[in-house]
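S.K.: So that we are looking at the same thing, I have put the structure below in structure tokens.
Only the coordinates and a few stated rules stand behind these numbers; no lab work does. The structure presented is a predicted model; accordingly, all values stated were derived computationally and were not measured. Note that we place each Cβ from the backbone using ideal geometry, even for glycine, and neighbour counts take in every protein chain shown.
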Amino acid sequence: MVDFTAGPAPGGFFSPLRFEADVFDCEVEGQVPQDLNGAFYRVGGEWFYPPSYPDDIPLSTDGYISMFRINNGVVDFRGRWVKTPRFLNNLKARRQLYGKYRNPYTYDPSVQNLDKPYLGTVANTAPLAHNGKLFAMKEDAHPIEIDPMTLETIGAWDFDGQYTAQTFSAHPKIDPVSGDLVCYGYEATGLCTDDVWAYIFSADGQLKNEIRFKVPYVSAIHDIVITQEHIIFPVFGFVTGLDKLQTAELHWNWDPNMPTYYGIVSREGDGSDARWFRGPSSVVMHTINGRTEGSKVIIEVPSSDGNFFPFIPSVDGSPFNPVEARHFIRRLTFDLASSSETFTEEILDPTDIVDLAKVDHRYLTLPYQYVYSTMHDPDQPFDEERGGSGARAVNSFCRYDLGTGEWRKYFVGDTHNLQEVSFIPRNADAPEGDGYLIGTASNYAEMRTELLILDAQEMDELARVSLPFRMTPQVHGAWYDASELPMGDTGYPEYDVREQS
Ligand SMILES: [Fe+2]
């Protein structure tokens with residue numbers, strides 16, 4: 001018997017759905033651009049079985065991958081659970097065998113394997129396409145290969161044995177100039193280890209370089225910045241340790257007294273050149289872009305001064321602080337010619353955005369103009385009864401012009417809450433910013449999920465695709481063109497059905 005009443009699964013919009021889904025020829029308001037041929041993939045998570053610990057956190061939910069396949073102006077939807085070893089073991093047992101977030105000490109003895117913590121992954125964070133393959137990723141294990149059309153799980157991928165770290169971040173980067181994949185794992189040699197191993201693969205999957213170094217302290221390195229010459233690794237105050245895991249704590253606690261470090265390594269080195277720069281406490285979960293100019297490494301990040309996950313407890317018991325959790329677009333400059341471990345930091349704009357900021361990916365590592373994000377626009381109305389997600393609903397997509405400081409915004413409606421936005425170039429040769437924005441919204445008034453497609457320059461809505469249900473929440477989404485993955489139609493199979501004679 002499945003019983004979610006003990007928590008922590010929330011009710012309402014985010015009540016567990018537990019089903020897989022196909023929606024052929026979705027409802028569309030407006031016009032889906034005819035030049036779009038590809039798929040918007042989303043990875044997120046839900047509890048299929050209630051968690052063993054009622055205070056477990058959303059980061060432990062079972063991975064779910066979905067796609068909106070778009071071609072010829074029509075849209076088909078598909079959603080499937082990621083069939084991790086954990087998911088399949090739970091199905092066999094018809095109950096939750098696993099314990100707290102990334103803590104194998106809390107697992108049922110039948111699945112507890114302390115030497116292979118990665119077998120407890122839920123693959124619930126982000127999609128990636130590389131070398132014609134699609135993956136669902138979480139930073140505690142190797143990527144899980146997924147069939148790009150059926151969304152059925154193929155299994156863990158180690159680049160034909162070339163990738164030897166135990167973990168693989170959910171935020172690898174693809175260099176738009178060379179096509180190289182820059183990827184890495186932290187806690188690379190086992191639970192709570194201080195090893196970071198980074199890898200560079202060519203577009204056709206051949207290992208070009210391997211980089212190894214150690215961190216000042218073990219922390220989440222959720223995302224990186226790449227430039228043409230360097231890789232930048234933020235280390236910030238999420239702390240862990242085997243002693244904490246052995247007493248059944250979550251994998252992370254927030255320590256506001258820990259400094260932020262940025263490790264910078266050469267992409268062509270072996271890691272022995274790692275330089276560490278040190279600054280005040282902050283959270284740098286995601287990054288925007290960066291470049292190397294002479295001896296200077298310059299990056300933009302949407303960081304906050306403090307913890308922005310209310311469900312990650314503080315080591316000192318201090319309460320969650322929403323003021324410190326605000327995200328601003330900041331520019332950080334590191335001087336490799338200086339022996340100082342300090343760096344400069346500038347808040348480019350005092351507007352509070354969500355930390356999921358994106359760029360036109362063709363401009364990664366290069367000079368660029370636009371940052372795209374979601375935000376709470378306080379100037380827009382909010383429906384108190386039907387808003388669902390609180391008065392600070394993420395109600396707008398936005399574009400920030402780094403050159404002029406101009407904001408352009410799109411307000412989704414007073415009963416909606418937006419998820420991460422992605423940019424799609426109009427075509428391979430279009431100038432920066434010429435294309436579409438795509439992302440999903442939770443419609444609390446009708447309790448269903450919508451996909452929005454906007455003109456990225458005008459910030460006008462072009463099409464709204466409505467699912468007839470509320471969909472599994474997304475962590476990250478990405479658009480991949482049909483030229484990047486093998487894609488066909490998602491139409492129904494041929495049926496051989498007896499007819500009345
Ligand atoms: Fe992320």
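S.K.: Would you mind ranking 382, 397 so that the residue whose beta carbon has the fewest other beta carbons within 10 Å leads the list?
M.R.: Least crowded to most crowded, the residues run 382, 397.
S.K.: With a/c under 1.5 counting as rounded, go ahead and sort segment 298-390 into rounded, prolate or oblate using the C-alpha gyration tensor (a ≥ b ≥ c being the square roots of the eigenvalues; past the cut-off, prolate if a/b is larger than b/c, else oblate).
M.R.: In terms of gyration-tensor shape, oblate.
S.K.: Something else: Restricting to DSSP loop positions (anything but H, G, I, E, B) with no more than 12 other Cβ atoms inside 10 Å of their own Cβ, which trypsin sites (Lys or Arg not before Pro) remain in segment 412-501?
M.R.: Passing both the DSSP loop test and the Cβ count: 498.
S.K.: While we're here: Would you tally the net charge around residue 386, using a Cβ to Cβ cut-off of less than 15 Å, leaving residue 386 out, and scoring K and R as +1, D and E as -1?
M.R.: So the surrounding residues net to -4.
S.K.: Residue by residue, what Karplus-based ³J(HN,Hα) values in Hz, rounded to whole numbers, does segment 478-489 have, using 6.51, -1.76 and 1.60 with θ = phi - 60° and x for Gly and Pro?
M.R.: Each residue's phi maps through the Karplus curve to give 8, 9, 10, 6, 5, 6, 9, 9, x, 10, x, 7 Hz.
S.K.: Let me ask something else about it. Take a quick pass over the chain and tell me how many lysine pairs come in under 14 angstrom between Cα atoms, counting only ones 8 or more apart or on separate chains.
M.R.: Qualifying lysine pairs in the chain: 4.
S.K.: Give me the net charge for the shell around residue 68: Cβ to Cβ below 10 angstrom, other residues only, Lys and Arg +1, Asp and Glu -1.
M.R.: Here the count lands on +2.
S.K.: Turning to a different aspect of this structure: So if we plug the beta-carbon distance of residue 22 and residue 242 into 1/(1 + (r/R0)^6) with R0 = 56 Å, what FRET efficiency do we get, rounded to 0.05?
M.R.: 0.80
S.K.: Next question, about the same structure. List, in order, the whole-Hz ³J(HN,Hα) value for each residue of segment 368-380 obtained from phi through the Karplus relation with A = 6.51, B = -1.76, C = 1.60 and θ = phi - 60°; use x for Gly and Pro.
M.R.: Running phi through 6.51 cos²θ - 1.76 cosθ + 1.60 with θ = phi - 60° gives 8, 10, 10, 10, 10, 7, 9, 7, 9, 8, x, 7, 9 Hz.
S.K.: Could you tell me the relative contact order of segment 162-209? Use alpha-carbon pairs under 8 Å, at least six residues apart, and round to a whole percent.
M.R.: About 31 percent, as a whole number.
S.K.: Please compute the net charge surrounding residue 241, taking Lys and Arg as +1 and Asp and Glu as -1 over other residues with Cβ under 12 Å from its Cβ.
M.R.: Here the charged neighbours net out to -4.
S.K.: Determine the shape class of segment 219-331: with a ≥ b ≥ c the square roots of the Cα gyration tensor eigenvalues, call it rounded for a/c under 1.5, and otherwise prolate if a/b is greater than b/c, oblate otherwise.
M.R.: In terms of gyration-tensor shape, oblate.
S.K.: Something else: What ranking do 4, 308 get, fewest neighbouring Cβ atoms within 10 angstrom at the top?
M.R.: Listed from fewest to most nearby Cβ atoms, that is 4, 308.
S.K.: Computed on alpha carbon atoms, what radius of gyration and Dmax characterise the chain, expressed in Å?
M.R.: 22.0, 87
S.K.: Further, regarding this structure: Mind jotting down the distance between the C-alpha centroids of segment 17-85 and segment 214-259, whole Å?
M.R.: 29
S.K.: Same structure, new question: Quick one: length gained pulling residue 113 to residue 37 fully straight, 0.36 nm per residue minus the C-alpha distance?
M.R.: That pair, residue 113 and residue 37, stretches by 23.1 nm at full extension.
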